[in-house]
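Reading through the structure tokens given below for one structure.
The values are calculated or read from the model by the stated rules, or taken from the named source; none is laboratory data. Everything quoted here is computed from the prediction, not taken from an experiment. Glycine also receives a Cβ, built like all others from the backbone with ideal geometry; neighbour counts cover every protein chain displayed. Note: areas computed on protein heavy atoms with side chains; ligands, DNA, RNA excluded. Shrake-Rupley method; radii C 1.70, N 1.55, O 1.52, S 1.80 Å.
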Amino acid sequence: MSDRSSPAATFTPPPRISSIVGGRIGGLAGGFEIPVINPANEAQISTLREDGAEEVDAAVRAARAAFDTTDWPKLELGERKAIIRRALDHVRGHADELAYLDCLDTGVPLWDIRGRKIGRVLENFDFFLEVASTAAGQTFQQNPKYITYVTHEPVGVAAILAPWNSPMSLASMQIAPALAFGNTVVVKPSEQTPVSLYRLVELLIEGGIPAGVINLVNGRGPVTGAALVEHPGVDLVKFIGGTETGRSIMASAAKGLKKVGLELGGKSANIIFADADPEDALNGALLGIYSNNGQQCLAGSRILVQRSIAEDFIARFVERVKKIRVGDPLDPKTEIGPLAFKQHYERVLSYVDIAVGQGAKLLVGGERAPGFEKGNYLSPTAVLAPSNDLRVCQEEIFGPFATFLIFDEVEDAIRIANETKFGLVGYVWTQNIDTAMRVSQGMRTGTVWVNSPLVREVRAPFGGFKESGIGRDSAMGALEFYTEEKTTTIPIEKLTLRKIGLG
Ligand code: NAD
């Protein structure tokens, strides 16, 4: 249930944000400064002091020392769990503060952060602690002379690079398994939204995660992020962000032959057949594109509607969009808040002219939301595209911007859905089981949602086909990514070895 009450209290972000290294808060003096801006009113809420190569080096060295010289990676799991759970209790006690800071920083409605995302953060830790508790190796005894067994060991120092659309919940989905399996961590939040993740890491340390086990650096991607990915002390890199950045991160990590996991962008098809439940399909399509202010990798941003219902469906969609409440993200009635930062707002808005210039029809929105002089408020937007070749069908816009396409047959829908470089998720709405099966089997995506929007089942793999990523988040995926497998072979009885070197 989403808590739609007004905020019980207000909280002030830390005035300066930089690094947290070996439990030391503050970082080095000097350096490039970035104002942290509230997207709702354009007021500066904090100052980010960028960490350069020197501070990144200190963070990686702290994580390296915690991994190589403390008992953290070898702790009995019960002990590690107890430490993490104590820290989580401390985080839980600051849930309202974290939600408030995340709202100030991202512009996502507070009720949504309090109702959904804070719970997600805590559940991520609970879930991956259970995964670590039940993880098991393998034994092989097919050769009766030997027993061979496979164990899992932590990999080492994990670099986790987070995006700005959902900083805490997405980063915690990686921090939790990394720590649960005994790795040490250096986190880099997005320079656009550093506040809540900074505070989360600070709270984890205050709550008792040992010095050096979790560290944080802040700054721009090509400066701080690049120094972190390149650092020879980092063993694995998990990146959640845009596809082009992912490409350069993979190239950089390849030089050090580091393990890499990439959760990248999407341009997902939401296919609505004439026999779909009309209300569910409409509600699902609206949620699929406009939740989280439209800034989500798994958005159903291309809405494919079967021709016989297209006119009616699009008309009903547009009517509902006109009634979406755009407003202050602290207001419990708000459904869409401001976009996370100005440059992004301008980029999303620029797609209106791009779409119309290529022959699309603007259906609704496409302008600054009326009544707001300040803040990155965009009216929820939808266009109808004549062809899937348009840029609005091929490029990830990452805002409250839906693109409609019309199709005739099941095979057309599958073909259009797959005509993209992305492959993150796909949605299909139909009451015909054969259609649901054909489409879900035909879509080249890591996840398919049939008659259900945005159901993130954490136990099941989540990740992308094609340019939407490499690797999967899940129980098994975490075990695979955050541990190394070791095969050990031991003879069962004394061996008679072949002798060489006897002349
Ligand atoms: P981004 O690629 O701009 O940045 C992500 C992070 O990488 C930030 O911390 C940034 O500072 C850092 N970074 C940027 N350039 C870097 C470089 N050269 N070297 C090292 N680090 C660098 O992404 P974003 O704009 O913050 O997030 C939006 C994107 O993230 C969208 O494309 C969205 O689809 C994707 N995303 C994917 C998932 C998923 O699970 N697949 C989830 C959320 C967001």
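Observations
- Flagged links, alpha-carbon separation over 20 Å, of Lys117/Lys421; Lys238/Lys466; Lys267/Lys466; Lys259/Lys466; Lys74/Lys486: Lys117/Lys421
- Amide H contacts under 5 Å for Asn218: Asp51, restricted to partners 5 or more places along the chain or on a different chain, H placed in the peptide plane at 1.01 Å from N.
- Each stretch of four or more DSSP H residues adds -39500 (n - 2.57); spread over every residue of the chain, this sum gives -11500 deg cm²/dmol at 222 nm.
- HN-Hα J in Hz across segment 109-124 - Karplus 6.51, -1.76, 1.60, θ = phi - 60°, x for Gly and Pro: x, 4, 4, 6, 5, 5, x, 10, 7, 5, x, 4, 4, 5, 5, 4
- Pairwise label distance in nanometres, Leu122 with Leu454, each label 7 Å out on the Cα-Cβ vector: 2.1 nm
- Solvent-accessible surface (1.4 Å probe) assigned to Ile433 amounts to roughly 120 Å².
- The packing ranking, built from the mean of other Cβ atoms within 10 Å per residue, places the peptides 233-241, 352-360 in the order 233-241, 352-360, highest first.
- In order through segment 252-259: 3J(HN,Hα) via Karplus (6.51 cos²θ - 1.76 cosθ + 1.60), integer Hz, x for Gly, Pro: 5, 5, 4, 4, x, 6, 8, 5
- The value of relative contact order for the chain, using C-alpha pairs under 8 Å at least six residues apart, is 18 percent.
- Heavy-atom SASA rank of Asp126, Asp112 (probe 1.4 Å, accessible area, largest first): Asp126, Asp112
- Inter-part distance where segment 454-503 and segment 348-402 are each reduced to a Cα centre, Å: 45 Å
- Separation of alpha-carbon centers, segment 9-80 and segment 111-142, rounded to whole Å: 24 Å
- To put it simply, the accessible area of the chain at a 1.4 Å probe is 54 percent carbon and sulfur.
- Global form of segment 56-110, assessed from the alpha-carbon gyration tensor, a/c cut-off 1.5: oblate
- Of all DSSP-defined beta bridges confined to segment 49-203, some 40% are antiparallel rather than parallel.
- Prolate/oblate/rounded label for segment 300-353 (Cα gyration tensor, a/c 1.5): oblate
- Global form of the chain, assessed from the alpha-carbon gyration tensor, a/c cut-off 1.5: oblate
- Peptides 408-419, 45-56, 176-187 ordered by average Cβ neighbours within 10 Å, highest first: 176-187, 45-56, 408-419
- Sorting 400-406, 279-285 by average packing, meaning the other beta carbons within 10 Å per residue, from highest down gives 400-406, 279-285.
- Amide H contacts of Leu48: Ile17, Ile34, Val36, each under 5 Å away and 5 or more positions distant or on a separate chain (H built 1.01 Å from N in the peptide plane; Pro and chain starts excluded).
- Karplus-derived HN-Hα couplings along segment 46-63 (A = 6.51, B = -1.76, C = 1.60, θ = phi - 60°), whole Hz, x at Gly and Pro: 6, 10, 8, 9, 5, 8, x, 4, 5, 6, 4, 4, 4, 5, 5, 4, 5, 5
- Under the criterion of Cα pairs below 8 Å and six or more residues apart, the relative contact order for segment 162-292 equals 20 percent.
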